[in-house]
Amino acid sequence: MQLKFKVPIFDVKDLNFIVRGQIILSNVSFEIFEGEYIAIIGPNGGGKTTLIRMLLGLEKPTSGEIKIFGKKLSEFKEWYKIGYVPQRATLVDENFPATVEDIVKMGRIARRGIFAWMSVEDKEMVKDAMVKMDILDLKDKMVGTLSGGQRQRVMIARALASAPKILILDEPNTGVDMVSQQRFYTLLAKLNKKENITILFITHDIGVIADDIGRLFTINQKATICDNPKKMLSCEEVSDLYGIDAHALHHHKHEH
Amino acid sequence: MLEMFDYDFMQRAFIAGLFIAVLASVSGNFVVLRRYSLMSETLAHSALVGVAVGLVAGYNPLWIAVLVAVGSAWLIEYLRSTFSLYSDAILAIILSGSLAVAVIIVSLGGAFNNSLFSYLFGSILSVTNEDVVTISVFGSISLLFLLLFSKELYFIAYDEEVAKTSGIKVKFLNFLLVTVVAIIIALSIRVVGSLLIGALMVIPTVAALQYRVGFRNTMLISLFFALFSVVFGMSLSYYYSLPSGATIVLSIIVIFIFSLIVNKK
């Protein structure tokens, strides 16, 4: 239950994105509050990744407004509050000269500023992130030598090192085996419940996540927001969403 | 062996050469990891336009080479970020275009002589006191910038998009990197030559990458390789009267082949 006066992390209003006459996103509106655990599903090409890229300022919407922590996206400066793990995170360049620790340290760079060296606090945050992701024993290993699941945890540790308020993950299970995927979902749920980190992630594993998530966004040009994912997953319309003739199912206005 | 240092020109060449080894290898790490290897070749050819103007107009070619190389670097970065053009195609166009302009300028000015040859392939005899001062001052400033922003540049090299979403000023740092690289290249052409400086920038890093160690160690190994190849190459150049750029580059290629063999999977 969210409080009415609380400033949402993301406040998205009437977002439209049109490329060369093709509608990618149409009138998408939603709010995301601190502590939420949200999954995004939808067919390929439905606009999931585009939506996330717009939330991160990587794409400009054709129209509409995005506010982050109450500020317009163009005025928002505290990007370290947002941890991002992209889709290709586990597909690392095997020749890149980076140990696990080198990568996790990247999470502190934007936070500490240009002329500052790594402080004791920075080092502790890096270590803490590696402990949380259970990769401390791998810290001197080259990232290119790790398995898909290990790489995935390294990338999340990097995002966690900046002590973010929200973690945004775009299909993070690409190239990850089933055991690691299960471990990954357990980790996400733990981060959400114990660390109160808001989670927003794109996935195709709609069956696996149903037990943990608080809300489910289905994106296929339009956004359909469901406050009871278990109920929604039992609906035939979810399978329709992955089909050609997908429409918005129902839009629960989020009450807070 | 040390008798070569009895000559002032060798002392100057070694001071300039060691500076260039440090600059080329440190910047080369970012150049290679950013997939900018061809850019170093392109900027070296652009610098040649500055050399040609300097030779014909009677100004110090080094200064004009710096200006032209920086201008060219900005043009490349602007074209790449503004138009949907293939990066390597932009580099190929500017590389060949620069060479064509340089050749025409020197031909019209009647300066197609040994002087230009020394800028193409490097010459330890041509390093003046003014060059040493210019290389030391501008080289130190460039190195300072690279070291100050090394963590950010490393992050951008690893994942530009994630670096951007972390709040790092990616566009500004990209321009800064190409500017510094352009300056280093222009400064280096006296000793290594415009046709060969790209190799000194790229090969030490590629050789160091074969050892599969972290970024800091990769940078240190590439620095050692560059310093060794400059000292060894310039010594060969002195004793056998060979162009210094060619001997330096052949030395680093031998190191690269060695690294490749000993680190074969």
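Label zone (A:N95, point 7 Å along Cα-to-C-beta; backbone nitrogen cut-off 13 Å) within segment B:190-225: B:202-212. Of B:L108, B:L146, B:L200, which has the largest mean-square fluctuation in a 10 Å C-alpha GNM of chain B? Among B:L108, B:L146, B:L200, the largest mean-square fluctuation in the Gaussian network model of chain B belongs to B:L108. With Cα atoms as the point set, the protein assembly as shown shows a radius of gyration and Dmax of 27.1, 88 Å. Beyond 29 Å in Cα-Cα separation lie the following of the pairs A:K48/B:K171; A:K127/B:K264; A:K60/A:K165: A:K127/B:K264. Across chain B, the mean sequence separation of Cα contacts (distance under 8 Å, 6 or more residues apart), normalised by length, yields a relative contact order of 30 percent.
Farthest towards the positive end of the charge dipole of the protein assembly as shown, among the residues A:P8, B:Y119, B:L250, is the Cα of A:P8, using unit charges on the Cβ of Lys, Arg, Asp and Glu. A Förster distance of 25 Å, applied to the separation of the beta-carbon atoms of A:K60 and A:N196, puts the FRET efficiency at 0.20.
Taking the charge dipole of segment B:15-262 about its Cα centre, with +1 at Lys and Arg Cβ atoms and -1 at Asp and Glu Cβ atoms, the residue from B:V101, B:F215, B:L187 reaching farthest to the positive side is B:F215.
Could you compute the FRET efficiency for A:R88 and B:T128, with r as their C-beta to C-beta distance and R0 at 45 Å, rounded to 0.05? Working from the Cβ atoms, E equals 0.35. Largest first and in whole Å, the equivalent-ellipsoid semi-axes of segment A:17-78 read 20, 16, 9, each the square root of five times a Cα gyration tensor eigenvalue. When only the Cβ of Lys, Arg, Asp and Glu is charged (+1, +1, -1, -1), the dipole of segment A:1-113 relative to its Cα centre reaches about 320 debye. Calculated mean residue ellipticity at 222 nm for the protein assembly as shown: -18000 deg cm²/dmol, from DSSP H runs with n ≥ 4 weighted as -39500 (n - 2.57), summed, divided by the residue count and rounded to 500.
Restricting the calculation to alpha carbons of chain B gives Rg and Dmax of 17.9, 56 angstrom.
Considering only A:I40, A:G64, A:Q152, the residue lying farthest towards the positive end of the dipole of segment A:10-241 is A:G64, judged by Cα position with unit charges set on Cβ. Between B:F228 and B:L148, the modelled labels are 3.3 nm apart [label points 7 Å from Cα along Cα→Cβ].
Coordinate-derived values only; no laboratory data. What you see is a predicted model, and the numbers here were worked out from it, not measured in a lab. Backbone-built Cβ (ideal geometry, glycine too); neighbour counts: all protein chains shown.
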